[in-house]
Amino acid sequence: MDVWKSPFSETRQVQHKSTLLSNYRDQHFKGSRTQQEEKLKASTTLYVGNLSFYTTEEQIWELFSRGGDVKRIIMGLDKHKRTPCGFCFVEYYDRADAENCMRYVNGTRLDDRIVRTDWDAGFVEGRQFGRGRSGGQVRDEYRTDFDDGRGGYGKIVQDKMK
Amino acid sequence: MSRRRAHEDDDSDSDDGRSRSKRHRTENIDIEERLEKLILKVGDKSSASLESNLEGLAAVLEHDIANYKTKIIRILCDVVIGYPDKMTVYTTLVGLLNAKNYTCGGEFIEILVRDLKDVLKACEFEKARYMILFLADLVNCHVVSASSLLSLYDNFIEVCLEDNIPQTRSDWYVHTVLYTLPWVGKELFLNKENEFNKLLVSIQSYLGKRSKTHLHALKVWSSDSPHVQEDRLDCMWAQIKHLQSNAWTERLIRRPYLAFESALQDALQHTLPNIIPPSHHEDALYPLPVVVFRMFDYTDVPDETTVLPGSHSIERFIIDEQLHLTLLLNQYERKDCAATLLMFKEEKIPLNYMIIETVFAQMFRLPNPPTVEIFYHSLILELCKLQPSTMPIVLVQATEMLFSRLDSMNTVCIERFVNWLSYHLSNFQFKWTWEDWSEVLKMDPMAPKAMFVRELLTKCLWLSYHKRIVEMCPDEFASILPAEPRPKFRYHAPDDEIETETMPELMYSLRLTKSIKAKCTPEDVLDFLKEIPNPLDDSVEHTHNPLAIDVFVQTLLNLGAKSFSHSFAAIAKFNKVFKELGSSDEGQQCILKSMYDLWSDHQQMMLVLVNKMMKTNLLSVSAVANWIFSEEMMRDFTRFYVWDTLHASIRKMNKQVNQLQLEVEEMKDKKEEAANKVNDGLDVDENVPTEDDIEALEEKLDTAQSDQKNLFLIIFQRFIMMLSNHIANSETHGQEVNTLWFKWALDRLRQVFLQHHSVVRQYNNTLETLMFTSDIDFHILTVFNEFQALRG
């Protein structure tokens, strides 16, 4: 996608806040912290979170294509049930397009939910599965609120209510 | 440990002179950084008044100028381009500095003028414009003499008298001069009235002679009702005339120097050195002409305590410019951008209306918006978040207006309107009073409003799901709703097995399904496909077997129908089969046709699959272009996804060429660098590209460039054929040529020219002599002429 080059950006001190790395670091990353950060800074892959379990790859594709050409999407799956569990990875051909989504799509809605994006060091087989004890994402183990788009109450609360 | 390193270690151990000088150096850097910070900060929000901050900073700089002159002047020159939003703050600062230290002011001018000459030579016109504006405002601060600014302007206006130059060149110089007049007009008028008037007369006579052929191609609306869509220069001229009639007085520009009148008035002024515009050359690309986007006038604003300045008033110009600049400067941070826009504290002005008009002006800018569309979409969301009780009302009003003016709206802009509104509604639970638009149900499906609603619902579907679209629309919308996106598989096996056996195609598909499910190899599939008899006439040899292709493509893609990922995996696994089946252009046409027959109800799937297969080189960009103009696709010819697909193919091609160009340049640089190293007697890395490497890569680039040219020629050729046929047919049957279909098709042709104008202009000669010749119908030729006028 053509990006207009601002004549100001070279001399203006612009803080690119939206495309900075967040504090989150994947604990399962194979390699040193520095290597991980280098990868994140050059990455063309985004982690996308807070999706509804019902949101499809097609919907994500349309939303994230608005930042540029998407290469592939890897849906996050429940490790036991193999059904979507509320996150995915979106990989772009170009870094600049992924940056567009960090700037302009992060924090906006899809299926009425505010999606969160973050840099990812690049998809590795196995990363598509939830890491929670019961198969989904860890956050859905401990959640105490009722969230219709993410299977109701958190898993632990659900177990207690049985 | 290297010798060098050991040496450094020695240094740090002993407290000799070198170490002290190092410490001194770091100290210098500290002070330089501190000065830079102070300069960049002045004019930002602060508890002290701007005047006292400026005074304090000027005193600091005056004190440090003896030791840090070079650095200070460099920073001040950099802020000219970097902080145009604080331009008058910095001109005042330079003014104060000049009043205290005349030499320093002179050196600043010298360096800024040198910078200006450099950027003009490099054709960086946006930067040049801000530098010239800065120099002009320095007249207000008693740094530059009014007469020397006028002689600079005289040099600029002389460009209008040059022969054989593109109009964009003289336009730029004239626009730049006009652009500064809201700031400096009054001083020029007071000090040099006669010379200034002469300048204005020259400008007026130039404006009267300009060609406006480009205008139509750049207008968002072809109709001038209710608002005239003017060329930017004409509009600016009217605004400047308005300023002149007010004795060059306006009340909106922040002018901090006025508070320092007494400190500045006795300062000596500098004479600008003679600046002559660099002469025109073939590669100089001047900014494209712009049409001013107007959406609202004062009658649209219900709040009677505010008044929207008229479109030819100088106030409209000043506010518009500040808003545009705010968007450009904050384009990377939508939240900051929204907050900054809303901070404008101009009283009695309907700010929300002006902001929305500016955002749409940029979003609809032709041929391309200044930045990615999604920036504007998300910015509008932020504005609604910050002004939840007022902004959505303005937005609804704007949307209704845009809708009511769809009939004369440029197709590309209709597309952008759909892109924005679908995204916006998706963020607001698709809440909209759809029944207000039920008029479209009775319209010709090709009518712009009907097309708009259909495409909007399609995009809403892509962002949600079919059931939701059905539920959000009134029942009577059923006729215009997108179909449920399901595959239309040709080889569904009937329940009756005997019946299946009597239909050989079904048998092929069934057998293929079984093999694929049993994890067969691509080679197995190829062997199997060879068994399928070719339905084409067997007296000649054929490059492809349409039945085999159809059975394979339909069966495989139907198996992968569950999601994009499933389809991609299927295509990747049988990549070899696709390669083989699509080894001829006819084969690729068949693949596309079979895909379309399966997925014609799922346009997004078509778009995504075709894109993927182009990217993985299973389909050539020219095959895709030919397919779009094929008989089978006529049904969808005006649908938006088709044009998404075509432009994706063009973008893919352009990207490939650009990348190869970069690689060739890099390789050459590397080789040259190595040669220089050898000359200097230095060691060279092992991976120095050879002459052969470069030649091989250049050959690749040549091929890509001819593919690229071929693609555009195919597209133009097919357009000309199709449009000419339409015209001929209408004439034979005595029917109207200007049908709705014809308008869509012409606009799509215009879009190819405009959106890729920098590539297409390379083929100007070929197009002019071989395709868009004088025997072509004027409807078609006009589009070409408008395109040529763009850089003309």
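Straight-line reach from A:K79: taking Cα to Cα under 17 Å and skipping same-chain neighbours fewer than 8 places apart, the lysines in range are A:K155. As a ratio to 2.2 N^0.38 Å, the alpha-carbon radius of gyration computed for the stretch B:162-316 takes the value 1.24. Within the stretch B:221-309, the ratio Rg/Rh, alpha carbon atoms throughout and Rh by Kirkwood, equals 1.10.
Annotation: extensible slack from B:M507 through B:R486 equals 5.3 nm (criterion: 0.36 nm per residue apart, minus Cα-Cα distance). Rg over Rh for chain A works out to 1.01, both radii taken from alpha-carbon positions and Rh defined as the Kirkwood radius.
Find the relative contact order for chain B and round it to a whole percent, using C-alpha pairs within less than 8 Å whose residues are 6+ positions apart.
About 10 percent, as a whole number.
Of B:D775, A:D111, B:D636, the sequence from fewest to most neighbouring Cβ atoms within 10 angstrom is B:D775, B:D636, A:D111.
Taking a ≥ b ≥ c as the square roots of the Cα gyration tensor eigenvalues, with a/c under 1.5 meaning rounded and otherwise prolate when a/b beats b/c, else oblate, which class fits the stretch A:98-159? It is oblate, given that a/c is not under 1.5 and a/b is not larger than b/c.
For the protein assembly as shown, with only Lys/Arg (+1) and Asp/Glu (-1) charged at the beta-carbon, what is the dipole magnitude about the Cα centre, in debye rounded to 20?
On the way: 112 positive and 142 negative charges, 513 e Å.
Result for the protein assembly as shown is approximately 2460 debye, rounded to the nearest 20.
Entry for the protein assembly as shown at q = 0.04, 0.07, 0.08, 0.10 Å⁻¹: log10 I(q)/I(0) = -0.24, -0.73, -0.95, -1.40, Debye formula applied to identical alpha-carbon scatterers, no solvent contribution. Helix B:391-404 axis versus longest C-alpha principal axis of chain B: approximately 60°, rounded to the nearest ten. Projected onto planes of every orientation and averaged, the convex hull of the alpha-carbon atoms in the stretch B:497-619 covers 7.9 nm².
Got the relative contact order for the stretch A:32-121 handy, in percent, Cα pairs under 8 Å and 6 or more residues apart? Each step should come with its number before you reach the end.
On the way: 160 pairs, mean separation 37.0, N = 90.
Over the stretch A:32-121, the number comes to 41 percent.
Summarising the amide proton neighbourhood of A:L77: residues at separation of 5 or more, or on other chains, whose placed amide H is nearer than 5 Å comprise A:C85, A:F129, A:G130.
In terms of overall dimensions, the C-alpha atoms belonging to chain B reach 105, 79, 54 Å along their principal axes, ordered largest to smallest.
What number comes out for the charge environment of B:V657, summing +1 per Lys or Arg and -1 per Asp or Glu over other residues with Cβ under 12 Å away? It would help to have the intermediate numbers written out before the result.
Details: positive: B:R651, B:K652, B:K655, B:K700, B:K709; negative: B:E663, B:D702, B:D707.
Local net charge: +2.
Going from the fewest other Cβ atoms within 10 Å to the most, the residues B:M446, B:M295, B:M363, B:M721 appear in the order B:M721, B:M446, B:M295, B:M363.
Volume per residue of the convex hull around the Cα atoms, evaluated for the stretch B:27-265, comes out as 157 Å³. Within the same chain, aspartates and glutamates fewer than 8 places from B:K348 are excluded, and of the rest, those with a Cα less than 13 Å from its Cα are B:D303, B:E304, B:E315. Counting only alpha carbon atoms, the long axis of helix B:373-386 and the longest principal axis of chain B meet at about 70°. Neighbour counts of C-beta atoms inside 10 Å place B:L366, B:L386 in the sequence B:L386, B:L366, starting with the fewest. What the phi angles of the stretch B:148-162 give under the Karplus curve with 6.51, -1.76 and 1.60, with θ = phi - 60°, is a coupling list of 6, 5, 5, 5, 4, 5, 4, 4, 5, 5, 4, 4, 4, 8, 5 Hz, glycine and proline written as x.
Qualifying trypsin sites (Lys or Arg not before Pro) in the stretch B:239-293, where qualification requires a DSSP coil assignment and no more than 14 other C-beta atoms within 10 Å, comprise B:R251, B:R254. Find how many whole Å separate the alpha carbon centroid of the stretch B:243-291 from the alpha carbon centroid of the stretch B:216-234. Here the answer is 28 Å between Cα centres.
What value, in deg cm²/dmol to 500, does the helix sum -39500 (n - 2.57) over DSSP H runs of n ≥ 4 give at 222 nm once divided by the residues of chain B? The partial results should precede the final answer.
Details: 34 runs with 513 residues, N = 792.
It lands at -21000 deg cm²/dmol.
Compared with the rule-of-thumb size 2.2 N^0.38 Å for a compact globular protein, the stretch A:32-121 has a Cα radius of gyration ratio of 1.06.
Centre-to-centre, using Cα atoms only, the stretch B:325-391 and the stretch B:61-114 are separated by 32 Å. Of the residues B:A728, B:N658, B:L749, the one whose Cα sits farthest toward the positive end of the charge dipole of the stretch B:651-790, with +1 on the Cβ of Lys and Arg and -1 on the Cβ of Asp and Glu, is B:A728.
Annotation for the stretch B:487-581: GluC sites (Glu not before Pro) lying in DSSP loop with at most 10 further Cβ atoms inside 10 Å of their Cβ are B:E531, B:E541.
Within the listed set A:G151, A:G86, A:G130, the Gaussian network model of chain A (springs between alpha-carbon atoms below 10 Å) gives the highest mean-square fluctuation for A:G151.
Could you tally the net charge around B:M409, taking each other residue with its Cβ under 12 Å from the Cβ of B:M409, Lys/Arg +1 and Asp/Glu -1? Let's see the in-between values first.
Numbers: positive: B:K219, B:R405, B:R416, B:K449, B:K743; negative: B:D407, B:E415, B:D747.
Here the count lands on +2.
Using only side-chain charges placed at the Cβ, +1 for Lys and Arg and -1 for Asp and Glu, the dipole size of the stretch B:407-502 relative to its Cα centre rounds to 640 debye.
Working from Cα positions, state the angle (0 to 90°, nearest 10) between the long axis of helix B:585-599 and the longest principal axis of chain B. Between helix and principal axis, roughly 90 degrees. Number of Lys-Lys pairs in the stretch B:444-526 with C-alpha atoms under 25 Å apart and a separation of 8 or more places or on different chains: 8. Taken one residue at a time, the phi angles of the stretch B:778-792 give Karplus couplings (6.51, -1.76, 1.60, θ = phi - 60°) of 5, 4, 6, 4, 4, 4, 5, 5, 4, 5, 5, 5, 4, 9, x Hz. Gly and Pro are set to x. When the stretch B:145-233 is described by a simple charge dipole with +1 on each Lys and Arg Cβ and -1 on each Asp and Glu Cβ, the residue from B:L161, B:G185, B:H227 located farthest towards its positive end is B:H227. Net charge around A:D26, counting only other residues with Cβ within less than 13 Å of its Cβ (Lys, Arg = +1; Asp, Glu = -1)? Cβ neighbours under 13 Å give a net charge of +3.
Every number here is computed from the coordinates shown, using simple stated rules; none is lab data. Bear in mind the structure is a predicted one, so any value in this text is a computation, not a measurement. Note that we place each Cβ from the backbone using ideal geometry, even for glycine, and neighbour counts take in every protein chain shown.
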